[in-house]
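The structure under discussion appears below in the form of structure tokens.
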Amino acid sequence: MSAAWREHRLRTGPRGPGLDVHELDSGVPGPTVVILGGVHGNEVGGIVAAGRLTRKPLPLRAGRLRVVPVTHEAAYQADSRVGPGDGLNLARVFPGRADGSDTERLAHLVTERLLRTADVLIDLHTSSPETEMPLFAGCLDDGSEAASRAVGLAVAFGAPVVWTHGSLGPGRTLTVARDLGIPAIYAESPMGGVLDDRNLDAYVSGVRRVLADLAMLPARPARTATVPVWLHGDGDVDMFSQATAGGMFHAEVALMDRVQAGQPVGTVVDPQARVLQHILATAAGHVVTLRRRAHVHPGTPVAGIAATRPASLGLPSDALVPSGALR
Ligand SMILES: [Zn+2]
């Protein structure tokens, strides 16, 4: 028999921000999986995918799920990437501060009340209305045991692209998960700001595959032997080609195209279609972020290039074996 979803609210204080948690407890010992949507309030795909998860009966046979469709409610209400009151990006202020601004207090609440008791984190993001990204699952891959398990879960998610990172910038949900020793993955998808059924279905089925991989759902398919495209890199600013002129960006490559260092990725043009700048790829790899909004200023990143994972890194030992099978 399927357990029922229950909802409760976590609060930072009587007048502070809070969030709604949808919990499904199998009543059987097993992992606690936290699933976050809406860390960025304008990334509606992750919000509705998380919401859809809580509307379907799940034959959970071990552990418990804690799903937060809207992590930053004020940012969601403002259709914004940042908190409307403090201007802060929730995904840059973890682990947060109990006595900080609303966004910092929210990060502290998520850290203390959700992540500290979690065994696995799944953070559902999307691309933005300005910049396109492919459907992928990403995670830290720094050689630690938790990261090795996260790589396996990112593969299990079943996206056509996996992007692993040798290190993480400060303030992310994945950063605090790393510090707590918790395997954590995140997902991104194209058409940011739009509810697209292919992306929503990919997120819902991806989460279900991760739960199956953790032996929390009955079906536990073998992981595919290969990841269609496996990227590796830190995702820092070095990989971004930037506009140096103000004007309008016109892309000459498509998302996930393979490019060589120095290859043109697009131009910045003026209203008379005169070319103000030829923008070149900063590195060899796949185009993993591509600006779709034309207007750019000097310094606007327009294309992000990520390298294919080098074979010398090898495969984490459990990347191709369902993690539920290891216990
Ligand atoms: Zn995001």
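Please check which bits of segment 25-47 a label hung off Ala4 would reach, taking the label as a point 7 Å along Cα-to-C-beta and the cut-off as backbone N under 11 Å. Counting only backbone N, you get no residues. Scoring 21-32, 185-196 by mean Cβ neighbours within 10 Å over their residues and listing the highest first yields 185-196, 21-32. Annotation: amide H of Gln263 within the under-5 Å range of Ala281, sequence separation 5 or more or interchain, hydrogens built in the peptide plane.
In the calculated pair-distance distribution of the chain, the portion above 31 angstrom amounts to 31 percent of the Cα-Cα pairs. Sorting 76-85, 8-17 by average packing, meaning the other beta carbons within 10 Å per residue, from highest down gives 76-85, 8-17. On segment 154-307, 56 percent of the accessible area sits on carbon and sulfur atoms, based on a 1.4 Å probe. Take the Cα of Arg293, go 7 Å toward its beta carbon, and the backbone nitrogen atoms of segment 52-93 under 12 Å from that spot belong to 80-82. Amide H to amide H, which residues 5 or more places from Val39 or on other chains are under 5 Å from it, using H placed in the peptide plane? Those qualifying (amide H under 5 Å, at least 5 residues apart or on another chain) are Thr71, His72. Ranked by the mean number of other Cβ atoms within 10 Å of their residues, highest first, the peptides 109-115, 131-137 fall in the order 131-137, 109-115. A 1.4 Å probe run over the chain, with the rest of the protein chains in place, finds 43 Å² accessible per residue.
The values are calculated or read from the model by the stated rules, or taken from the named source; none is laboratory data. Keep in mind it's a predicted model, so treat the numbers as computed, not measured. As a convention, Cβ positions derive from the backbone with ideal geometry for all residues, glycine included, and neighbour counts pool all protein chains shown. Only protein heavy atoms, including side chains, enter the accessible area calculation; ligands, DNA and RNA are left aside. Shrake-Rupley method; radii C 1.70, N 1.55, O 1.52, S 1.80 Å.
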